[in-house]
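Encoded as structure tokens, the structure appears first; notes follow it.
The values are calculated or read from the model by the stated rules, or taken from the named source; none is laboratory data. Keep in mind that this is a model prediction, so the values were computed, not measured. No Cβ is skipped: glycine too gets one built from the backbone with ideal geometry, and neighbour counts run over all protein chains shown.
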Amino acid sequence: MKKITLISILLILIITALKFIHLDADPPPFMSVAEYGDPAQYAYNARNKVLFGEWEIDEKWNLMWLTIIPHSFTYLSFSILGVSYKSMNLVPLLFSFLILIICYLILKESFNEKIALFGTLFFGTNFLFFLYSRIADRVPEMLFFALFSIYFWLKGLKGSKLSMFLSGFSLWLSYNSKPKILYFIPIFFIAHLLELIRRRECLREAFSKSLILFSGLLSAILIWLPFIYLPHHEIYQRFGSYNQRILFAGFPDLSKILFYWFSRALFSIHSTLSLFGVFVTFILFYFVRNYFQRKDEISPLEVMSLSWVGIGYSSHSILFWRPLRYYFDFLFPMGFLFFGFIFRMLKKKENLSSKKINIFEALLYFYISLFIFGHFLRRLYTPRIYQNLPKYLLIDIILSIISVLLIFISIKYLNFLRKIPRVIFGYLGILVAVITIFINSKEIFYYLKNPKFQLKIISEDFRKAFDGSSMAGVWAISTSMNNRIKAYHCWPRVTNTDPDFLKNKKIKFAFLWDDIETPFYMANFPDMKNAVLRARYHIYHSITEEPYNHRRKFWNLFEIGGKPVGGENLFEAELLTGPFGFPRYDKNASNEFVLSSQKKFASYPVLSSPPFDLKKGLNEIFIKIKIEKKIDGKIPVCLMVLERDDGKVKRRRLVYSDELEGENFKELNWRVEVQRDSKWKIEIFNYSQIDFFIDYVKINR
């Protein structure tokens with residue numbers, strides 16, 4: 001075995017080993033809400049089978065039939081290792097390992113072993129790839145089979161009929177891993193056609209290869225149709241209808257389509273990809289030029305990658321609902337183009353000599369320019385760009401026309417450009433790759449050093465409080481991986497909307513989004529009239545995440561038929577959750593839940609109350625509180641701020657560790673005198689790296 005192959009194997013193993021660290025940690029807060037909630041939905045049926053002996057406890061929501069291949073691996077993982085977040089995330093980790101292997105083989109097949117090794121390091125250290133390798137929403141599984149089909153296709157173009165057949169077959173396996181990849185199947189065949197045209201294949205040979213490719217795809221469909229789709233077509237139709245509503249909400253309104261298109265430019269997937277993405281957009285010009293000049297300096301892989309990025313990204317950029325994972329796919333074709341460019345530039349050959357440029361080539365240059373200038377306009381003028389979209393679209397078009405003219409002039413008249421050594425561009429590409437690897441590696445290590453386990457904590461608290469019970473809600477499934485609660489999915493206009501749903505399933509608890517699910521449950525399920533709010537959770541704890549998820553700040557935990565908690569003058573702390581507080585189960589608390597300060601968020605509000613009345617004169621405020629452990633000495637623990645509703649008067653009190661009794665609750669008395677009857681609110685801030693827990697706030701007027 002060659003030395004470079006051994007280095008590649010060792011590199012892949014090291015990268016994979018890093019992914020095992022904190023495998024059950026939450027995704028970082030910049031990611032979409034779906035990255036938190038969706039993975040458990042996909043593992044729902046496997047969990048039910050292992051814990052309750054039934055694949056389907058709910059006939060309305062069975063995503064296993066949409067993602068049958070990764071679901072089978074999830075069931076195997078749960079059966080061997082038990083149901084948990086770790087065993088759930090082990091499946092995408094396995095497929096990410098396979099993705100690195102297949103990327104190495106693709107780059108080696110198209111270029112050489114050195115480029116393949118460098119590309120493996122580049123993909124392996126990409127922050128988004130690292131994250132999606134640990135998030136079980138079926139993206140790595142889907143991409144593995146898509147990349148596998150490309151590898152077989154490259155082999156098939158060289159004459160292997162079996163490889164060409166397996167290429168088509170793997171395409172449908174990708175769809176059976178996650179239907180979102182459906183957009184790639186027509187793109188694959190378009191790229192296949194473009195490559196046959198570029199190679200000037202004779203009609204008979206081209207038809208034979210295309211027929212074998214299509215027969216592979218058709219064979220997989222004919223297996224899927226009677227065994228998967230027809231018996232379970234209802235879930236496909238329901239899920240497809242739901243996705244159609246959220247993906248194409250702007251159609252056929254042209255202004256909305258342009259709005260969406262402007263808001264997601266080609267290289268704005270994530271900040272860690274920006275430098276790499278800028279470079280790739282200019283590389284697109286190079287490969288388009290190569291294709292139209294029919295030079296040998298474009299390979300089948302680059303034709304496929306051009307088609308994937310160009311057609312795929314364009315179609316995605318006009319969608320209404322576009323979570324980050326929808327764009328993660330394009331990392332790989334962009335990377336293939338990137339390393340193909342480096343490979344070409346390091347080969348000492350003459351630059352293109354033709355001075356001709358045809359209309360179709362010019363149109364492609366124009367479209368790429370639209371993406372590039374659209375990105376800069378969006379970055380420079382947001383949000384004004386959306387308030388006067390026609391103006392900025394016209395500016396974008398004018399700049400793109402100027403760009404195409406400059407390209408034409410450069411090709412036709414600027415002969416000195418051909419004298420610039422190509423190797424300079426190759427080394428520039430290597431520099432961009434090294435900088436990108438460095439930035440992404442820093443992000444990875446920061447994430448691993450600062451993990452958060454909110455979903456795991458909630459799940460384990462629910463196990464202590466309600467294990468063996470039943471719970472409804474989209475996130476009820478997401479917070480049930482480390483317990484034995486029977487969780488049921490319910491979503492407006494999708495699943496379990498019958499008014500007797502809660503009653504028929506004997507559901508005792510509901511864990512609901514504040515703005516979407518809670519109003520829907522209250523309006524549609526009569527049993528919710530007897531529901532008692534037990535706790536309010538704020539799961540995102542990044543300030544930068546607040547604007548993005550301002551509509552989904554809180555998740556409410558309801559007990560259906562439970563006893564009322566609190567009172568007119570008694571406020572349970574877990575119902576007054578501030579942006580950085582977090583409810584925890586505590587059997588010694590009055591409501592069996594307390595509000596944790598999560599010591600990582602020093603100086604941010606843990607508790608935030610609604611306005612309440614204080615009478616003129618002396619008032620007493622009682623706060624029942626404890627700290628994680630007894631501390632010697634006098635250390636500030638928290639700051640209590642009492643503010644009048646007009647904001648003109650504030651009272652403050654700093655609580656020290658010597659006032660508290662460690663793990664035992666203590667009721668602190670805060671005497672406050674006010675000048676007139678008025679409304680006030682109280683906030684409690686973490687003041688140090690000491691975790692404290694609040695049971696309740698009581699007001700004596």
Original post:
Within the stretch 31-39, is even one residue at negative phi, assigned to a loop (DSSP other than H, G, I, E, B) and at pLDDT below 90?
Top reply: yes
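Which residue is farthest from Ala476 (Cα to Cα), if the candidates are limited to the stretch 447-463 and must be of a type in the set (Lys, Arg) and touching a residue at least 40 places away in the same chain (Cβ under 8 Å)? Before you say what the answer is, go through the steps one by one.
So the first thing to find is which residues in the stretch 447-463 are of a type in the set (Lys, Arg), and the list is 449, 452, 456, 463.
From the residues that got through so far, the ones that are touching a residue at least 40 places away in the same chain (Cβ under 8 Å) too are 452, 456.
On the way: Lys452: 19, Lys456: 12 Å.
Among residues in the stretch 447-463 that are of a type in the set (Lys, Arg) and touching a residue at least 40 places away in the same chain (Cβ under 8 Å), the one farthest from Ala476 (Cα to Cα) is Lys452.
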Original post:
If you go through the stretch 198-210, how many residues are surrounded by 13 or more Cβ atoms within 10 Å (Cβ to Cβ) and in a helix (DSSP H, G or I)?
Top reply: 6
Original post:
So Arg463 clears everything in (1) within 30 Å of Pro605 (Cα to Cα); (2) of a type in the set (D, E, K, R); (3) in contact with a Pro (Cβ under 9 Å, 6 or more places away or on another chain) except one condition, right? Which one?
Top reply: (3)
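Going by what's in this entry, would Ile516 be described as surrounded by 15 or more Cβ atoms within 10 Å (Cβ to Cβ) and modelled with pLDDT under 90?
Details: surrounded by 15 or more Cβ atoms within 10 Å (Cβ to Cβ): no; modelled with pLDDT under 90: yes.
No.
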Subject >> Whichever residue in the stretch 1-32 is surrounded by 19 or more Cβ atoms within 10 Å (Cβ to Cβ) and among the β-branched types (Val, Ile, Thr) and, among such residues, is nearest to Ile457 (Cα to Cα) >> reply: Ile15
**OP:** Filter the stretch 1-30 for residues that are small (Gly, Ala, Ser) and either part of a loop (DSSP other than H, G, I, E, B) or farther than 16 Å from Phe129 by Cα (or both) and give the result.
**Re:** Ser8, Ala25
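Among the residues of the stretch 114-127, are any under 29 Å from Glu460 (Cα atoms), in contact with a Lys or Arg (Cβ under 8 Å, 6 or more places away or on another chain) and buried (at least 19 other Cβ atoms within 10 Å of the Cβ)? Walk me through it before giving the result.
Start the filter on the stretch 114-127 by keeping residues that are under 29 Å from Glu460 (Cα atoms), which leaves 127.
Keeping just the survivors that are in contact with a Lys or Arg (Cβ under 8 Å, 6 or more places away or on another chain) gives none.
For the stretch 114-127, residues under 29 Å from Glu460 (Cα atoms), in contact with a Lys or Arg (Cβ under 8 Å, 6 or more places away or on another chain) and buried (at least 19 other Cβ atoms within 10 Å of the Cβ): absent.
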Original post:
How many residues does the stretch 485-516 hold that are closer than 24 Å to Leu51 by Cβ and either in a helix (DSSP H, G or I) or of a type in the set (A, V, I, L, M, F, W, C) (or both)?
Top reply: 14
Subject >> Residues located in the stretch 539-569, provided they are at pLDDT 85 or above, surrounded by fewer than 18 Cβ atoms within 10 Å (Cβ to Cβ) and under 24 Å from Ile699 (Cβ atoms) >> reply: none
**OP:** Can you give me the number of residues within the stretch 458-467 that are buried (at least 18 other Cβ atoms within 10 Å of the Cβ) and outside any helix (DSSP H, G or I)?
**Re:** 0
Subject >> Residue selected from the stretch 41-74 under the condition of a type in the set (S, T, N, Q) and part of a loop (DSSP other than H, G, I, E, B), by the criterion nearest to Tyr175 (Cα to Cα) >> reply: Thr67
Subject >> Among (1) touching a residue at least 60 places away in the same chain (Cβ under 8 Å); (2) closer than 22 Å to Pro583 by Cβ; (3) among the basic types (Lys, Arg) - the single one Arg534 does not satisfy >> reply: (1)
**OP:** Kindly indicate whether Ala523 is within 24 Å of Phe593 (Cβ to Cβ), part of a helix (DSSP H, G or I) and aliphatic (A, V, I, L, M).
**Re:** no
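Could you check the stretch 684-697 and list, in sequence order, the residues that are of a type in the set (D, E, K, R) and modelled with pLDDT under 90? Spell out the reasoning first.
Narrowing the stretch 684-697 to residues of a type in the set (D, E, K, R): 691, 695.
Correct list: Asp691 only.
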Original post:
Is at least one residue of the stretch 468-477 of a type in the set (Gly, Ala, Ser), buried (at least 20 other Cβ atoms within 10 Å of the Cβ), touching a His at 6+ places or on another chain (Cβ under 9 Å) and closer than 15 Å to Ala535 by Cβ?
Top reply: yes
Original post:
Looking at this structure, is Phe425 within 22 Å of Val594 (Cα to Cα) and of a type outside the set (Val, Ile, Thr)?
Top reply: no
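Are any residues in the stretch 188-233 of a type in the set (Ser, Thr, Tyr) and more than 24 Å from Leu306 (Cβ to Cβ), and if so, which ones? Step through it out loud before you land on a result.
Initial filter on the stretch 188-233 (of a type in the set (Ser, Thr, Tyr)): 208, 210, 215, 219, 229.
Across the stretch 188-233, the qualifying residues are Ser208, Ser215, Ser219, Tyr229.
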